[in-house]
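Student: Sharing a structure, written as structure tokens. Questions coming.
The values are calculated or read from the model by the stated rules, or taken from the named source; none is laboratory data. These numbers were taken from a predicted model, which means no experiment stands behind them. With ideal geometry, Cβ positions are generated from the backbone for all residues, glycine too; neighbour counts draw on all protein chains shown.
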Amino acid sequence: MPRRRSDIRTVLKFGIVALAVLAVAPFFLDIYVVNILIRALLLAALALTVDLLWGYTGILTFGQSAFFGIGAYACALVFTHWGFGAQWALLALFLGIVAACAVAALAGWLAFYHGASPLYGSIVTLALPIIVTQVIFAGGRTTGSSSGLSGFPTYYWSSETWFWIAGVFLVVITGLAWLFVRSDMGRVLVAIRENETRCAYLGIPVSRIKILLLVIAGTIGAIAGFGYAAFTNVVAPELGGFLLGTELLIWVALGGRGTLIGPVIGAILIDVTSSYLSGSLPFYWKLLIGVLFVAVIVALPQGLLPEVTRLWRRLIGRRTRMADAPTLEPITAQEVGRGTGQPLVVRGVHRHFGSLQVLQGIDFEANRGELLSLVGPNGAGKTTLIRCLADGYERSGGTITIFGRNLGKWGPDRCVALGIGRKFQAANIFATLSVAECLRVARYRLDPPSIWASGTTLRLPEAALRIVEETGLAQSLNTEARHLAHGQKQALELAMVLALEPSIVLLDEPTAGLTRVERERIGAILTSLTERERLSILLVEHDLDFVREISSRVIVLHQGQIVLDGSVEEVVGSELVRNIYAGASLDAGSGPT
Amino acid sequence: MNDPGATLAISGLTSGYGEAIVIRGISLTVGAGEIVALLGKNGMGKSTLLRTVMGFLPAREGNVVIDGIDVTRDAPHRIARRSIAYTPQEQAIFQDLTVGDNLRLGQVESRWFAEELARICDVFPFLGERLEQRAGTLSGGEQKMLLIARALMARPRLMLVDEISEGLQPSIIERLARVLVAERERTGVAVLLVEQNVRFALEVADRWSVLKLGEIDDEGGSDMPNAASRIADHLSV
């Protein structure tokens, strides 16, 4: 995949400048400052992992300090009890990383399993440092309990050397993280933060990505902790404690979350200032930091860095530079999940919420090349039925078979792999991503995103491309999705669903909020999908004229049951539909215009 | 064209998001007891106009006068207190509250609540049956009905309604049209109605305006014999 050159060049440019500053800094700074800075640089790397998790992916974590503590104790324990030397150092680092990965994987699994609310993640990460500290306390003489371990043999290098090691580590990690968050995969992280549900229905394994990210963040934290222990020669339970974990959040929020550089600078500045103030104002400095924190959060909710860059841009009179929109490249859809046999067979599906029976005894099948409309009064259970077809966890009973394969209890991301694409009733998109980025996130399964670059072309199946072009989205590829008009959001979501190259398309009022002309265009695209590419489309729609024009079959749902299933003429003209649904307006001859 | 007696008088209103200007110099009045429909293609600024009137977006230029009082710089809750009911297009009900609680929030005065509730449940009987149900579990169309019901609860002087007919079954749209007209007769409410459904809009409105690229492109009365075709022309370009 072509890379965006300017990003790599920016990283190299700033990386070299940062390294040059680090190289000469010890010669100009007081030895006391250099010592404080070593600690600050390592903690800044930890703050950076918090920004990756919280700022970009939306996982509010209190627990990154735990990994710092694990890395530090791995070093201290090995050096104290086993031995000292290059091979022991490598072993300690290795053990620290392995332990951190294992803990991160376990915590991630507990926090992000199917159905866990975002609160779980925060509670699990809140408990994590507390557990780590308790384990250290319980370790008796092995871990040094509450007084920690000190005086173990280590490398007594000069402060300058340690400063350079910590500095290079931070610059490398920041550079890599910068490329990562600006890559296509970085956009997926933001998509998860913005709208996890939509991600799952685009076939993105959200839980797996979050766990993997936590493991990576844990690894970085453990390396930083290892470095800290080797440098200071002292470890204490506080290193893995809840207090540090919370302070990290404060640094990230002050620096500007979701900016990477802001948290790094914030961590360094606050940690260095704190060290100074704790000497001269031993009792007041925490109060000062606290007041500053409240002031910044109230006055600048985005943190400091975004304000500084805005001011800078205004001073030098430059506007925010927009990335170039990718070139759209049409491809031929290879329908996902297409097998032999009937696309969709539904038998005895029912759904209840408590005692409320919303769907009962639903039996029907959808054929290839069929546009099946689902009509019925508001509250008949149409959306609930769509939901049951796109998420195996939704139905209370009954079986659903897709191309001969049983849907079972599969989550939405795996239903996508069976060939199902679902469009929600209210436009469901990624608010802060651009139109092009939303579409690229939708291509996650079929065009796996690069983790270090951003593609210059965007491959879209023909149908999705037609939607983008015929609804004017092609002219707004760089517009943030939240600034789109309501109808354009609907069109964008439809294009995202078609970008999945599904074999069965579930559309919940795809044309709500669109004008008559736009409806007709979308109707034409849908009918050509069924006729030319033989897709099965299931459509919930209220506009009976629209239904009449494009459907090949109509199912009427009333009070949770199928009351009619037949050809368009049979259903639309029937007495039943007139009574329960259309009211007088059908006599007048037309639906909404 | 600024009539001092108008319930809502917008003049020269300009606003937008970030660097983008979405509506430019719009002037529009809605008299007491008048229903005005605002039509136009997607992205032309209809919802933006309502948001600016309600104070959710700052006006760059121009002003908004409600009952003779300039509210251009007022916060949304202050504007709402002037007995203005706004029904936005997206995410407008309190999902975790019950239907009853949502309706309760629509009427500030406790002494009028029971009476208004009875009236609303008469119009939308299903709401009366489900007062205890969590509003988020209503279907999409039912949520729309709850939204308009909550707005009506307030006995507003002015209603700003954004695409209320979207996702509603035809018979309910019919009923909604009757309710709006009846409400106007009863309380003299003024309504600014943003719509895609031209037939519904012309059925209830006295006048219509078409918005194009942030400006009013055409306007007229609903009784014009060729109103529907003229609007259709604008929407199809």
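Student: Do you know which residues across region B:115-138 are out of contact with any Leu (no Cβ under 7 Å at 6 or more places or on another chain), modelled with pLDDT of 90 or more and of a type in the set (A, V, I, L, M, F, W, C)?
Tutor: Hits for region B:115-138 are B:A118, B:L131.
Student: While we're looking at this one, here's another question. When B:Q107 is evaluated against the numbered criteria (1) farther than 22 Å from B:L180 by Cα; (2) away from chain A (no Cβ under 14 Å); (3) surrounded by 15 or more Cβ atoms within 10 Å (Cβ to Cβ), which criterion, by number, is the only one it fails?
Tutor: Of the numbered conditions (1) farther than 22 Å from B:L180 by Cα; (2) away from chain A (no Cβ under 14 Å); (3) surrounded by 15 or more Cβ atoms within 10 Å (Cβ to Cβ), the odd one out for B:Q107 is (1).
Student: Follow-up. Does region A:558-577 include one or more residues that are within 11 Å of chain B (Cβ to nearest Cβ), modelled with pLDDT under 90 and over 38 Å from the mean Cα position of the chain (by Cα)?
Tutor: Yes: one or more hits.
Student: With modelled with pLDDT of 95 or more, of a type in the set (F, W, Y) and surrounded by 19 or more Cβ atoms within 10 Å (Cβ to Cβ) as the only criterion, which of A:F226, A:F169 stands out? Before the answer, list the steps.
Tutor: Values: A:F169 fails: surrounded by 19 or more Cβ atoms within 10 Å (Cβ to Cβ).
Within the list A:F226, A:F169, the selection yields A:F226.
Student: Same structure, new question: Which members of region B:1-26 meet the condition of being more than 14 Å from chain A (Cβ to nearest Cβ) and polar (S, T, N, Q)?
Tutor: Those that are more than 14 Å from chain A (Cβ to nearest Cβ) and polar (S, T, N, Q): B:N2, B:T7, B:S11, B:T14.
Student: Quick check on region A:512-532: of everything there that is in contact with an Asp or Glu (Cβ under 7 Å, 6 or more places away or on another chain) and not in a helix (DSSP H, G or I), which residue is farthest from A:L372 (Cα to Cα)?
Tutor: This residue is A:G513.
Student: Which numbered condition trips up A:G455, out of (1) within 14 Å of another protein chain (Cβ to nearest Cβ); (2) modelled with pLDDT under 90?
Tutor: With (1) within 14 Å of another protein chain (Cβ to nearest Cβ); (2) modelled with pLDDT under 90 applied to A:G455, the lone miss is (1).
Student: I would also like to ask the following. Considering only region B:27-60, state which residues are away from every other protein chain (no Cβ under 14 Å) and in a loop (DSSP other than H, G, I, E, B). Steps first, please.
Tutor: Step one: list which residues in region B:27-60 are away from every other protein chain (no Cβ under 14 Å), which gives B:27-36, B:52-55, B:58-60.
If the condition is that a residue be away from every other protein chain (no Cβ under 14 Å) and in a loop (DSSP other than H, G, I, E, B), then B:G31, B:A32, B:G33, B:E34, B:M54, B:G55, B:P58, B:A59, B:R60 are the ones that fit.
Student: Here is a further query. Would you check which residues across region B:220-237 are within 18 Å of B:G31 (Cα to Cα) and surrounded by fewer than 16 Cβ atoms within 10 Å (Cβ to Cβ) and list them?
Tutor: Our first condition is that a residue be within 18 Å of B:G31 (Cα to Cα); within region B:220-237, this holds for B:220-223.
Within region B:220-237, B:G220, B:G221, B:D223 meet the criteria.
Student: Separate question: Pick from region B:184-205 the residues that are under 15 Å from B:V161 (Cα atoms) and in a loop (DSSP other than H, G, I, E, B): which of them is farthest from the other protein chains (Cβ to nearest Cβ)?
Tutor: Step by step, filter region B:184-205, then rank; the result is B:V189.
Student: For residues that are crowded, with 23+ Cβ neighbours inside 10 Å and out of contact with any helix residue (DSSP H, G or I) (no Cβ under 7 Å at 6 or more places or on another chain), tally how many sit in region A:523-536.
Tutor: 1
Student: Do we find that A:G256 is buried (at least 20 other Cβ atoms within 10 Å of the Cβ), within 22 Å of A:I59 (Cβ to Cβ) and not assigned by TED's automatic domain parsing to the domain that holds A:S150 in this structure? Talk me through it step by step, then tell me what you get.
Tutor: Numbers: buried (at least 20 other Cβ atoms within 10 Å of the Cβ): yes; within 22 Å of A:I59 (Cβ to Cβ): yes; not assigned by TED's automatic domain parsing to the domain that holds A:S150: yes.
Taking the combined requirement at face value, the residue satisfies it.
Student: Across region A:403-424, what is the number of residues that are outside any loop (DSSP other than H, G, I, E, B) and buried (at least 23 other Cβ atoms within 10 Å of the Cβ)? First the steps, then the outcome.
Tutor: Filtering region A:403-424 down to residues outside any loop (DSSP other than H, G, I, E, B) leaves A:405-406, A:412-417, A:420-423.
Next cut, buried (at least 23 other Cβ atoms within 10 Å of the Cβ) only: A:412, A:415-416, A:420-423.
Here the count works out to 7.
Student: For region B:3-62, give me each residue that is touching a Ser or Thr at 6+ places or on another chain (Cβ under 9 Å) and basic (K, R).
Tutor: Answer for region B:3-62, where residues must be touching a Ser or Thr at 6+ places or on another chain (Cβ under 9 Å) and basic (K, R): B:R24, B:K41, B:R51, B:R60.
Student: Could I ask something else about it? Can you pull out the residues in region B:67-97 that are surrounded by fewer than 17 Cβ atoms within 10 Å (Cβ to Cβ) and in a strand (DSSP E or B)?
Tutor: Matches in region B:67-97: B:I69, B:D70.
Student: Tally the residues that are touching a Lys or Arg at 6+ places or on another chain (Cβ under 9 Å) and either part of a loop (DSSP other than H, G, I, E, B) or within 14 Å of chain B (Cβ to nearest Cβ) (or both), restricting the search to region A:356-387.
Tutor: Total satisfying the criteria: 17.
Student: What single numbered condition from (1) within 14 Å of another protein chain (Cβ to nearest Cβ); (2) part of a helix (DSSP H, G or I); (3) in contact (Cβ under 8 Å) with a residue 24 or more places away in the chain fails to hold for B:R178?
Tutor: Status for B:R178: all satisfied but (3).
Student: Restricted to region A:303-348, and to residues that are at pLDDT 85 or above and assigned to a loop (DSSP other than H, G, I, E, B), which residue is farthest from the other protein chains (Cβ to nearest Cβ)?
Tutor: A:Q342
Student: Of (1) crowded, with 22+ Cβ neighbours inside 10 Å; (2) within 14 Å of chain A (Cβ to nearest Cβ); (3) in a helix (DSSP H, G or I), B:L211 satisfies all except one. Which?
Tutor: (3)
Student: Could you please give the count of residues in region B:134-173 that are more than 10 Å from every other protein chain (Cβ to nearest Cβ) and assigned to a helix (DSSP H, G or I)?
Tutor: If we filter region B:134-173 for residues that are more than 10 Å from every other protein chain (Cβ to nearest Cβ), which is where we start, we get B:135-136, B:146-161, B:164.
Remaining after also requiring assigned to a helix (DSSP H, G or I): B:135-136, B:146-153.
The number of residues fulfilling the criteria is 10.
Student: Within the set of pairs 6+ apart or on separate chains, which have a first residue in region A:388-400 that is within 14 Å of A:G203 (Cα to Cα), a second that is part of a loop (DSSP other than H, G, I, E, B) and among the charged types (D, E, K, R), and C-beta atoms under 6 Å apart?
Tutor: A:G392/A:K409
Student: If I go through region A:428-483 residue by residue, how many of them are surrounded by 22 or more Cβ atoms within 10 Å (Cβ to Cβ), over 15 Å from A:A495 (Cβ atoms) and free of Cβ contacts under 8 Å to residues at least 40 places away in the same chain?
Tutor: 0
Student: Among the residues in region A:490-509, are any in the same structural domain as A:T432 (by TED's automatic domain parsing), small (G, A, S), in contact (Cβ under 8 Å) with a residue 24 or more places away in the chain and in a helix (DSSP H, G or I)?
Tutor: Within region A:490-509, the subset in the same structural domain as A:T432 (by TED's automatic domain parsing) is A:490-509.
If we keep only those that are small (G, A, S) too, we end up with A:491, A:495, A:499, A:503.
Now restrict to residues that are in contact (Cβ under 8 Å) with a residue 24 or more places away in the chain: A:491, A:495, A:499, A:503.
Imposing the further condition that a residue be in a helix (DSSP H, G or I) reduces the set to A:491, A:495.
Checking region A:490-509: at least one residue is in the same structural domain as A:T432 (by TED's automatic domain parsing), small (G, A, S), in contact (Cβ under 8 Å) with a residue 24 or more places away in the chain and in a helix (DSSP H, G or I).
Student: Also, I was wondering about something else. Identify, from the list A:A89, A:A74, A:A66, the residue that is crowded, with 23+ Cβ neighbours inside 10 Å, assigned to a helix (DSSP H, G or I) and over 28 Å from the mean Cα position of the chain (by Cα). Step through it out loud before you land on a result.
Tutor: Numbers: A:A89 fails: crowded, with 23+ Cβ neighbours inside 10 Å; A:A66 fails: over 28 Å from the mean Cα position of the chain (by Cα).
After ruling out the rest, the residue left standing is A:A74.
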